[in-house]
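Presented below is the structure to which this report refers.
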Amino acid sequence: TIPIPKIYMVAPSPFGDDAACGVMDYICGQRLDRAWGTLSIWSKLRVAWILRSYIRQLRGIKLSHSPTPGPLGPVPRQYPEGTIDLVRRRGPYADAAALNAFLNSRAASRRNADIPREYENPERLVFTHADINMRNVILGDDGRVWLIDWDWSGFYPKSWEFITMVRQAKIHPLGPTPRSWQLCVPFITGPSFRRYRWITGLPP
């Protein structure tokens, strides 16, 4: 039940990077980052509740790609390092264990510490948008909450949606988002504070 724009054509980026240009339906409405300050507290909670339901729907998706972490495609692709920054590319990784080993190795090296036992086994991979921020949510004139920009969606560890949403809210090039939005993130995705601190080395 997630409203998304219909895509009609996708072409390689004219800028020579690994991005793509798409032609899709225009959604009549307002971006959430522009509308948030005008919403009542109940309207904000409604948006958060709807996004929460979207996350749970996504996590129920099962595809043949699901054993391979990262964006969907004919072959595994690299993806933005959403756990640390939004520019550096990582991967591809063969499976969840390989991705978990990389994340643990970097975190342990940064702290000069052993890997905690609770993080030795990889998290379950679930279908993840991986780029949910206020600029990718549109409050449609039709009353629906639209979710756009699915380029990096794919199968990631369950905590990935929380971690990337927090990072997007704090370090996006256009500036951090309102505190009230940041407080909604754990409710929308389910909290993963301890894993966030372990992977990023930062307070959530």
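The values are calculated or read from the model by the stated rules, or taken from the named source; none is laboratory data. Keep in mind the model is a prediction, meaning the values are calculated, not measured. Here the Cβ is made from the backbone with ideal geometry for all residues, glycine too, and neighbour counts use every protein chain on show. For the accessible areas, the whole protein counts, side chains as well, though only heavy atoms, and no ligand, DNA or RNA atoms are used. Shrake-Rupley method; radii C 1.70, N 1.55, O 1.52, S 1.80 Å.
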From (1) among the hydrophobic types (A, V, I, L, M, F, W, C); (2) surrounded by 13 or more Cβ atoms within 10 Å (Cβ to Cβ); (3) more than 20 Å from Leu32 (Cα to Cα), pick out the condition that doesn't hold for Ala113. (2)
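Yes/no per residue for (1) farther than 23 Å from Pro80 by Cα; (2) within 17 Å of the chain's Cα centre (by Cα); (3) of a type in the set (D, E, K, R):
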residue	(1), (2), (3)
Arg124	no, yes, yes
His129	no, yes, no
Leu139	yes, no, no
Trp152	no, yes, no
Tyr156	no, yes, no
Ser159	no, yes, no
His172	no, yes, no
Ser180	yes, no, no
With respect to Ile4, determine if the residue is in contact (Cβ under 8 Å) with a residue 24 or more places away in the chain and either at positive phi or part of a loop (DSSP other than H, G, I, E, B) (or both). yes
Residues located in region 12-44, provided they are aliphatic (A, V, I, L, M) and either in contact (Cβ under 8 Å) with a residue 60 or more places away in the chain or touching a Lys or Arg at 6+ places or on another chain (Cβ under 9 Å) (or both): Ala19, Ala20, Met24, Ile27, Leu32, Ala35, Leu39
Tell me, yes or no, whether region 15-22 has at least one residue that is of a type in the set (Phe, Trp, Tyr), more than 20 Å from Ile138 (Cβ to Cβ), at pLDDT below 85 and more than 16 Å from the chain's Cα centre (by Cα). yes
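Matching residues to (1) under 17 Å from the mean Cα position of the chain (by Cα); (2) not in a helix (DSSP H, G or I):
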{"residue": "Ser43", "(1), (2)": "no, no"}
{"residue": "Ser53", "(1), (2)": "yes, no"}
{"residue": "Gly60", "(1), (2)": "yes, yes"}
{"residue": "Leu63", "(1), (2)": "no, yes"}
All positions within region 142-192 that are over 26 Å from Leu72 (Cα atoms), open to solvent by less than 50 Å² (accessible area, probe 1.4 Å), in a loop (DSSP other than H, G, I, E, B) and in contact (Cβ under 8 Å) with a residue 60 or more places away in the chain: Thr177
Matching residues in region 26-39 (of a type outside the set (S, T, N, Q) and either part of a strand (DSSP E or B) or open to solvent by 60 Å² or more (accessible area, probe 1.4 Å) (or both)) number 6
Criterion: modelled with pLDDT under 95, over 24 Å from Asp142 (Cβ atoms) and surrounded by 11 or more Cβ atoms within 10 Å (Cβ to Cβ) - qualifying residue of Pro74, Pro69: Pro69
Return a yes/no flag: does region 103-114 have any residue that is at pLDDT below 90 and acidic (Asp, Glu). no
Which one of these does Gly91 not meet: (1) among the small types (Gly, Ala, Ser); (2) crowded, with 17+ Cβ neighbours inside 10 Å; (3) at pLDDT 90 or above? (3)
Odd one out for Asp85, checked against (1) modelled with pLDDT under 95; (2) over 17 Å from the mean Cα position of the chain (by Cα); (3) of a type in the set (D, E, K, R): (2)
Quick one: which residue in Val23, Val47 is open to solvent by 40 Å² or more (accessible area, probe 1.4 Å) and in contact with a strand residue (DSSP E or B) (Cβ under 8 Å, 6 or more places away or on another chain)? Val23
Quick check on Tyr119: is it surrounded by 11 or more Cβ atoms within 10 Å (Cβ to Cβ), modelled with pLDDT of 95 or more and not hydrophobic (A, V, I, L, M, F, W, C)? no
